[in-house]
Amino acid sequence: MISPEVFYVHVQGEQRGPYTIPQIDHMVNAGLIELETLYWREGMDQWQPVTDLVIVRHHANPWIKPGIAAGLLLVLAVLVRMFGPITMEGWRETNQHSYTAPGAYWRARDVVRTGALPAGSVVVFGGYPTAQVDLRPPAGAWVTVRGEVTKSNGQTLRCAWRVPMRFDEKAGEWTGGPAQEVAP
């Protein structure tokens, strides 16, 4: 009696086998034999392609997931590069909780940004080294902040503001204002 599970394959000009269907499936899907390889078993008139006998499983491209991850990291890096500095400055302006000169400076910037600028204008501050901070213990300060203001009509002006600041030790926060424009 002929076993239906005994197959032979034709590889590189020679007949190999006998193999079972699971063995041939493994050889095809592991890439050990080509998809064009032919198989035969007793009772068949001619050799047939192994793809008629087993299902070829297509493996996912191994570069897809790393490529997607790299793309997402690139997008994240661009977003951090674009919005990171602005986000950090906003965080510094609103989250100063100690009685220090830098703390008074950052909160004074927020006072200027939120209350001393004409509608539709944008300010670029000169940085901490260009500012003057006069701490007045026990809980006060005078801060002079400098920067360039671009008005809604496109006009750019150098400006400076003097901001009286108070530190509430209980709440751990600076408050101030109003900002008064002074000569740059």
- Item | Condition met for Y39 (outside any helix (DSSP H, G or I) and touching a Pro at 6+ places or on another chain (Cβ under 7 Å)) | no
- Query: How about the range 57-93: which of its residues are modelled with pLDDT of 95 or more and in contact with an Asp or Glu (Cβ under 6 Å, 6 or more places away or on another chain)?
  - Reply: none
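For the structure I just gave you, tell me whether Y99 is surrounded by 15 or more Cβ atoms within 10 Å (Cβ to Cβ), among the hydroxyl-bearing types (S, T, Y) and either over 30 Å from R136 (Cα atoms) or within 32 Å of the chain's Cα centre (by Cα) (or both).
No.
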- Regarding W40, is this residue of a type in the set (F, W, Y) and under 42 Å from the mean Cα position of the chain (by Cα)? no
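The values are calculated or read from the model by the stated rules, or taken from the named source; none is laboratory data. Computed from a prediction, not measured in an experiment: that's the story for all the values here. As a convention, Cβ positions derive from the backbone with ideal geometry for all residues, glycine included, and neighbour counts pool all protein chains shown.
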